[in-house]
Amino acid sequence: MTLQEIIQPENKVYGKTPLLTDTPMHYCPGCSHGVVHKLIAEVIEEMGIQDITIGIAPVGCAVFAYNYIDIDWQEAAHGRAPALATAVNRLLPESCVFTYQGDGDLAAIGTAETIHACNRGENIAIFFINNGIYGMTGGQMAPTTIEGMVTSTSPEGRDVMLEGYPLKISNLLTILDGTCYVTRQAVHTPATVVRAKKAIRKAFENTLAKKGTSVVEFVSTCNSGWKMSPHQANQWMAEHMFKAYPLGDLKDQ
């Protein structure tokens, strides 16, 4: 292949999806949120469902998600995204509704909404960013903080005798009859990005097919909250987080 053939527009192999706006993202360098945003936008574009997709934005680091992906959005109160998604989907049953939530939003203040929406089998997709801390408010310990993990409120590491065990919320959701698909992914390498994108698409396909609730957990980094460089955070996640939260499908009906 000649150089001219390589640079021709018809041979372009990658470009920014038009669903991502030109608004600069506010996330810290190395944050997993930006990659997951990109994948969700690409899948929506590739499936041709921009006009019927409605996102529910959380309280937390992703509170401004509505600025970055060009679809209809609703902002939810802290932890209430699954309840709001339920209402939107029931009022607009032909829509494709998803929530986008961090671990503090989904697995702490929103535990009840998450469990009951999944138990009802609402036809929504839940995208869950699990970085093990409260990233926006100072790096405090979250329900998902792993044993021994240092946070601003557990400076000597999480002690299960004092603070209990990490809440593996996705594992809990697999036993509910209303969930049709529960998977745990990551986006720190090209290979994991490919798998994560497939999981996002499957969740949307399940939603359109009205199979019930799909949950895609992304084991993620928060290098600023963890006080690490992006590279160090990725390494630490692979060495420690994946032991507590192994990647792969937990349920697929």
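The table below lists the values:
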{"read-out": "Residue pairs meeting the criteria (Cβ under 9 Å; at least 6 apart or on separate chains; first closer than 19 Å to residue 168 by Cα, in the stretch 184-201; second assigned to a helix (DSSP H, G or I) and among the hydroxyl-bearing types (Ser, Thr, Tyr))", "value": "184/170; 185/192; 186/192"}
{"read-out": "Where residue 66 falls short, out of the listed (1) on the phi > 0 side of the Ramachandran plot; (2) surrounded by fewer than 20 Cβ atoms within 10 Å (Cβ to Cβ)", "value": "(1)"}
{"read-out": "Enumeration of residues in the stretch 205-226 that are under 18 Å from residue 39 (Cα atoms), crowded, with 20+ Cβ neighbours inside 10 Å and not aliphatic (A, V, I, L, M)", "value": "206, 207, 214, 217, 218, 220, 221"}
{"read-out": "Qualifying residue in the stretch 111-119 (condition: modelled with pLDDT of 95 or more and not in a helix (DSSP H, G or I))", "value": "no"}
{"read-out": "Residue within the stretch 185-199 that is within 16 Å of residue 126 (Cβ to Cβ), touching a strand residue (DSSP E or B) at 6+ places or on another chain (Cβ under 8 Å), outside any helix (DSSP H, G or I) and not acidic (Asp, Glu) present", "value": "yes"}
{"read-out": "Any chance residue 165 is hydroxyl-bearing (Ser, Thr, Tyr), buried (at least 20 other Cβ atoms within 10 Å of the Cβ) and in contact (Cβ under 8 Å) with a residue 12 or more places away in the chain", "value": "no"}
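The values are calculated or read from the model by the stated rules, or taken from the named source; none is laboratory data. Being a predicted model, the structure only gives us computed values, none of them experimental. In this analysis, Cβ positions are derived from the backbone assuming ideal geometry, glycine residues included, and neighbour counts consider all displayed protein chains.
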